[in-house]
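So the structure is just underneath, and the comments pick up after that.
The values are calculated or read from the model by the stated rules, or taken from the named source; none is laboratory data. Source: prediction; values computed, not measured. Because the Cβ atoms are built from the backbone with ideal geometry, glycine has one as well, and the counts that use them run over all protein chains shown.
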Amino acid sequence: MSVALVARRYATALADVVLERGEAREVQDELNEWEALLQANANLREVFANPTIALDQKRGVLNRLIEMAKPRPTTANFLKVLLQNQRVTELGEINRRFAQILDERAGMIAATVTTARPVPEDAQQKLHDRLAGLTGKKVRIDFATDAEMIGGMVTRIGSTVYDGSVRSQLQQIKERMAG
């Protein structure tokens, strides 16, 4: 079974639970912290990924980490389920899918806007309003900069890309001139 399919199943089940309990954002934040912990610690990733380490030893490590971090019970239980099913190493993909599901259920879409330089606050608000009008949904925009861009912007909403970069426009001119 693909990692994406597994992640969707775990994320959907978790979303059902946390939305019912009203703790979606809190659990999401805690799981993001756990993902960062795993990413920052290669030894910890190895412990959870290594099939030769006994499940009881892995459970001991996870329980000790839970004692130290003191996450809410929903987060702790979810991590224990992931461990039991040997899916802890897939937490990053599960977190990404979980965020998408929470956004979908809230009627929100995520967009990424990449520009050559930081976008001023007033322009950010205008762009936010424009994208909300275009999509008919609430929009959460992540702004990024790319020093490689000459100018303009690239907006990504789901799998749709609106490329208004100068590089893209120059490429189109080049193709038209070449015939």
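Taking the stated definitions as given, is residue 44 of a type outside the set (Phe, Trp, Tyr) and modelled with pLDDT of 95 or more? Break it down into steps so the answer makes sense when it comes.
Details: of a type outside the set (Phe, Trp, Tyr): yes; modelled with pLDDT of 95 or more: no.
The answer is no for residue 44.
Does residue 50 count as of a type in the set (S, T, N, Q) and surrounded by fewer than 14 Cβ atoms within 10 Å (Cβ to Cβ)?
Numbers: of a type in the set (S, T, N, Q): yes; surrounded by fewer than 14 Cβ atoms within 10 Å (Cβ to Cβ): yes.
The answer is yes for residue 50.
Quick one: what pairs do we get from the stretch 116-136, first residue within 15 Å of residue 155 (Cβ to Cβ), second of a type in the set (Gly, Ala, Ser) and surrounded by 12 or more Cβ atoms within 10 Å (Cβ to Cβ), C-beta under 6 Å, 6+ apart or different chains?
116/151; 131/111
Residues that are buried (at least 18 other Cβ atoms within 10 Å of the Cβ), within 21 Å of the chain's Cα centre (by Cα) and at pLDDT below 95: list the strands (runs of 3 or more DSSP E) wholly contained in the stretch 62-179 that include at least 3 such residues.
108-115, 153-157
Sort out which residues of the stretch 142-172 are under 15 Å from residue 112 (Cβ atoms) and in contact with a Lys or Arg (Cβ under 7 Å, 6 or more places away or on another chain), and write them in order of number.
Within the stretch 142-172, 145, 149 qualify.
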